[in-house]
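The values are calculated or read from the model by the stated rules, or taken from the named source; none is laboratory data. Note that the coordinates shown come from a computational prediction; the quantities given were computed from them, not determined experimentally. Here the Cβ positions follow ideal geometry from the backbone for every residue, glycine too, while neighbour counts run over all protein chains shown. Accessible surface is based on the protein model in full, side chains and every heavy atom, while ligands, DNA and RNA are left aside. Shrake-Rupley method; radii C 1.70, N 1.55, O 1.52, S 1.80 Å.
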Amino acid sequence: MTKKECLSIILAGGQGTRLAALTTQIAKPAIPFGGRYRLIDFTLSNCYNSGIDTVGVLTSSCPFKLDNQISTGRQPELYCTPCTIHTLPPIDGSDLYDGTANAVYKNIDFIERFSPEYVLILSGDHIYRMDYNLLLSYHKSKGAVATIATVKVPWAEVSRFGILGTHSNGAIEDFTEKPTFPRNNTASMGVYIFSWSKLKYYLKMDQENSSSSHDFGKNIIPAMIAHEEAMFAYPFNGYWKDVGTVASLYEAHMDLLSDPPGFDIEDMTWPIYSTLPLITASIDHSKRSLISDGSSILGQIDGSIIFADSYIGKRAKVKNSVIMPGAYIGIDAYIENAIIGPAAIVENGCTVYGDLNQSLPIAIVGEKAVVSVKKDNCIVNQNCR
């Protein structure tokens, strides 16, 4: 087996409980995004564009389908070497890995096949563009054992993330997972690069600890800090969104439509490649919407993302919403501030409405759910599954 300087491991097996209505039959990284992509496509594209040619994707026991190579379609290749994807579900009969660190621990043999100097640990459900070569160069220049990419997050969201304290030279002083009373808003992006020999040592030590949660944020990183390992924060200044909640998934979609876009999905200087069959999606500025080919629109749309194979009936109105693949919006239906899940049905005359002034502002109709006038006309903040 060819020795690799650096390979990537993508954590893609989370249960996605905060997106449960959309993940009854698919893993969170497989959730549709942006008209023609899945969430994991952004991390995979970053690997490909960075020249990381070996990627292990750690999934649940029922993994979503991934080809073994990233398909670039008709877009120009940035590298001659293909990016080979290895899908790695649990092999011990369990449905899920027992924590993020445990997931990597159970794939030590896979990693050892390539004898890497460095291992890049990534999440499969984040929206961003990053050149991992710059992260690796920073890691080397600091003589680091571990480097964590960081971003400033809004104070209202700090409790969702691991928060770092650093010295003036970037060395990590402390790390608190999802703090109740944070001292700053410098958050881990869930993008780590480790010197493999050190990470392997800590993974094995953690696995022997029966009281451990076997998690990078809760266990591995604090243990390395406690042992005074050389750990550094890598500040990232670009767009980044962890779409682990309904609100953040909705916001990331709306960011595609802002002027200028918060995230330019059409920027071909760093292309995003899709693991779905080739679908064309483009911005319709007159409707302030992103519309995929293969959708059927007979009603009115405004400020919305419309995926392929979706149907919007006559006199239906869709405003500031996300209509996922295969969804059916009936005649005279009204949709606003909502996410309509894959293959969901909103029957004729129904209203699905999220009130952005409420604490739960986004209405959501789950995967294959049916909203019926006879049963439960779905209105303000009611989530239908």
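Figures for the structure shown
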quantity	calculated
Condition broken by residue 261, with the remaining ones in (1) buried (at least 21 other Cβ atoms within 10 Å of the Cβ); (2) at pLDDT below 95; (3) of a type outside the set (Ser, Thr, Tyr) satisfied	(1)
Matching residues in the range 227-241 - criterion: being open to solvent by 40 Å² or more (accessible area, probe 1.4 Å) and touching a Phe, Trp or Tyr at 6+ places or on another chain (Cβ under 7 Å)	239
Positions within the range 196-217 being buried (at least 20 other Cβ atoms within 10 Å of the Cβ), more than 26 Å from residue 168 (Cβ to Cβ) and within 22 Å of the chain's Cα centre (by Cα), in sequence order	214
Matching entry among 43, 87 (being modelled with pLDDT of 85 or more, surrounded by 14 or more Cβ atoms within 10 Å (Cβ to Cβ), in contact with a strand residue (DSSP E or B) (Cβ under 6 Å, 6 or more places away or on another chain) and not in a strand (DSSP E or B))	43
Residue identified as modelled with pLDDT of 90 or more, among the aromatic types (Phe, Trp, Tyr) and open to solvent by less than 50 Å² (accessible area, probe 1.4 Å) among 97, 48, 105	48
The range 230-268, residues that are among the aromatic types (Phe, Trp, Tyr) and under 20 Å from residue 132 (Cα atoms)	232, 234, 236, 239, 240, 263
Boolean, residue 224 is open to solvent by less than 30 Å² (accessible area, probe 1.4 Å) and closer than 16 Å to residue 120 by Cα	no
Which listed residue, of 123, 137, is under 26 Å from residue 268 (Cβ atoms), open to solvent by 40 Å² or more (accessible area, probe 1.4 Å) and modelled with pLDDT of 90 or more	137
Sole exception among (1) open to solvent by less than 60 Å² (accessible area, probe 1.4 Å); (2) modelled with pLDDT of 90 or more; (3) under 21 Å from the mean Cα position of the chain (by Cα) for residue 144, by number	(3)
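The rows are residues; the columns are (1) farther than 30 Å from residue 147 by Cα; (2) of a type in the set (S, T, N, Q); (3) at pLDDT 95 or above.
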{"position": "232", "(1), (2), (3)": "no, no, yes"}
{"position": "235", "(1), (2), (3)": "no, no, yes"}
{"position": "279", "(1), (2), (3)": "yes, no, no"}
{"position": "293", "(1), (2), (3)": "yes, no, no"}
{"position": "314", "(1), (2), (3)": "yes, no, yes"}
{"position": "340", "(1), (2), (3)": "yes, no, yes"}
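Listed here are the residues, each with its yes/no results for (1) out of contact with any helix residue (DSSP H, G or I) (no Cβ under 7 Å at 6 or more places or on another chain); (2) over 19 Å from residue 341 (Cα atoms); (3) hydroxyl-bearing (Ser, Thr, Tyr).
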site: 291; (1), (2), (3): yes, no, no
site: 305; (1), (2), (3): no, no, no
site: 321; (1), (2), (3): yes, no, yes
site: 328; (1), (2), (3): yes, no, yes
